[in-house]
Structures are given as C-alpha cells and as structure tokens.
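Everything on this sheet refers to the single structure shown next.
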Amino acid sequence: MKKIIAISVMFALVIGAAFADVSVSGGYHMSFDFAVDKDHANGEDVGTGNYGAGGDVGVSAEGDNAGGKLRIWGDGKSSGVTDHALVWWKPIDQLKIQLGGWDGDWGHNQIIGWGFTEGAKDTVALDAAWKGQYHFAGDFAPGFWGGFNHGLSLFIYPADGIEIDIGIPVTANEGGTLNKPYSTAVIFSNTKINVSAAIPNIGTAKFALDLNKGELGTIASLAAKDVDLITNIYFAFYLSALESSGMGAELGLSVTTSTGATASGKKNDQIDLGVGFKYESGDLGLKAGFGTGFGDAYKVGTKSLIPISLQVLPYYNLGSLKAFVNAGFSTKIGGDKTYVDILFNPYVQVPISGGNFWAGVKFFQAGGDPQPKAEWSIPIGFNYNF
C-alpha cells in the first residue's frame, strides 16, 4: 500500500497543473462456474464454485506536452491491490520521455494475443496459458514481442511513419520489487530496442532487440545469476492492405540465442513463428492463430520436438447477443509419442446497460499417457465498465 500511495503522490505532483484532457475510467467483473467437474479423474463428480472477481479504477490527464496516468486494481486474491502508473513529457515533437510502466508498450501483435478473446478471459474464455502449461496460438501469440513493461522509455520520431523506441528497465523482472538497485552493466544488458515503420497502403513492419541477462532476465527457467547474455530478436509485419475487404493478417518471427544454459542444462536457442488472421463482414467474423517453433529449447533428451498450435474464433452477432466458438489444438511432433491437447470453448456475450453478461462452456482435454485427461465447466459472469 505504501508503494501505491507514493506513486499516487508522484502522479498528482506531476500532473497537478491544468490539463486539457482529464478522464476517469474503470470496470469490474465477477464470474463463477455454474457447474464444474470437481474430480477430473472420473469426470462425473459435479459441483458449483470457482468464484472470481476483479476490478480497476484509472485516471489519466494530458496537456500539450506532458501527462500521466494511474490505474489501481484488485482481484480478490492474496496478492491484494496492484497498480500501474506512468508520467511522460515531450520536450520536442520528435522525442517523448516516459517513466513508469503499463501493459506492454510497443507490443507487436495486433490480432492474436490478449486481444484474441479480449475481456471474455475475465469470465468465460480460457486463458492464453491455461494452468501455466497449455499454449494455444491465438491467445499465446508465439513469435511476437510482448513489449516493454516498466522503466525509462524513450520514444523517438525521426520521420513520418518511423518510430524508434528504447526501454531501460529499472526494476527486477520489469515490474518486480521496486527500489532495488542493480549494477549499471546488468541494467543496460537488459535494454530493449524497438523500431516501427509504416508502409503506406501496405502495412507496418516492426523489429525488436530484447536483451536479458542476470537478475533482470525474464526467462524464468534460468539460473538467473549464472547465465550469459540472452539475445531475443523479433520481427513482425501487419498487412493492412486487406482491411478494405474486412480482413487483416500478421506474422511474427522470434529468434532466441544464448551461450548460457537453463537449470536443466540445455540452451534456450529457439525460433518461434506465429501467424494471425481476422475477417469480418457484417454480423459474421473470424479470428485465427497458428504457431510453431524449432530449436534446442524444445528438445527432450536427444529428440528435437516441433510444437504446433492452431486456434480459431468464429463469431456471429445475432442482435440480442453475440455467439463465439473458441476452439483449438496444440501438440508437439518428433517424439516417440505424440499427444494432442484440445480446447473447445463456446460462449455468448449479451450486452446489458454499461456492460455484458457472459455464459459458456469450457472443455479441455490434455493428451497424455496412459489416457487423456479431460476437464470441463459451465461458467457465467458479468462485467461492467465506466
């Protein structure tokens, strides 16, 4: 709580002058499983529960050349209240200086990732990495850079359509314990560089260099204090030329190299590829994501496994409600045995005053030995925004 108060005071001092645009916004969501498989071993013991809730309140203020925003939210869990805050200043039109953090500035993906099922994740849609291990390409966005989350950010605009960004982290793990000092070498060995170039009537190309070393490294499996520099290179392209036909497409490619090793002794060297597609015509729409990967990071023993994942989200607006079918599969080929994880998650969105009512079905089957493991639930929920 002291951290929140300190950030709030800083925010108030910086933006306390008169601003042209001040806004307050927020939201709240609640959900629970109307029916859920309590005992996944037999698939027959049915219960009700898994209550979840969360909400946030944010304020932003902007003037001609400075501004800031603050957001505080809680999820009803033991983690309590958390916050995001930043302030920015543009001394000249070609430069913006920002201190603080938000939800991934400069992130490359536009179709797949969080925006694939968007706010439905709060109530009825399965998460990107459900239970931390099952990744589906639409939500997970393999091959795309997630952006920079916390630190000193420089936005440079040298010409129309060109942007160069530099991010210098100032906390552990880009958002961990505040006010913990690190050596200058460690800080600058975790610098992020992003370049974006808009090609008129065609699309936008993006490139990012994401360095990770030592205590600020973001690959959790590393023995953090002993590893060498890990270099992550990202390239992405969004094809906007199709938007006049109601379509959009994007491609993301990432290459990770390292001379160090994980705690298990294998390198992190890998290549990931992600493809996103969307189409909308009248009341009908479709989103799709495909992902695959190669490299030492996917090895099991002497076997080089290749992950493959496909996720689709067709939807249709029926007027009084919008119906979605979130479905996909994920597998790894090249091993002695091939297991397939299956996701089937239809749900509906019913608009209400200021928000939505949600209801759906979650079905998930993890391929495994000796037999697949299936889990299901029937979630319902509400969200309200202002």
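Observations on the model:
- Stokes-Einstein diffusion coefficient of the stretch 245-386, Kirkwood radius over Cα pairs, 25 °C, 0.890 mPa s, in µm²/s: 136 µm²/s
- Ranking of H29, H84 by count of other Cβ atoms within 10 Å, fewest first: H84, H29
- Note, ³J(HN,Hα) from phi for the stretch 108-119, Karplus 6.51, -1.76, 1.60, rounded to Hz, x at Gly and Pro: 8, 6, 10, 10, 9, x, 4, x, 5, 10, 6, x
- Listed from fewest to most Cβ neighbours within 10 Å, the set T331, T123, T184 follows the order T184, T331, T123.
- Between amide H atoms placed 1.01 Å from N, distances below 5 Å from T191 occur with L211, all of them 5 or more places distant or on a separate chain.
- Once C-alpha pairs closer than 8 Å and six or more residues apart are averaged by separation and normalised to the residue number of the stretch 317-377, the relative contact order reads 27 percent.
- Applying the Karplus relation 6.51 cos²θ - 1.76 cosθ + 1.60 with θ = phi - 60° to the stretch 247-256 yields 3J(HN,Hα) values of 10, x, 8, 9, 9, x, 10, 10, 10, 10 Hz, where x marks Gly and Pro.
Every number here is computed from the coordinates shown, using simple stated rules; none is lab data. The model shown is predicted, which means the values in this text are computed figures rather than measured ones. Don't worry about glycine lacking a Cβ; one is built from the backbone with ideal geometry, like all the others, and counts go over all protein chains shown.
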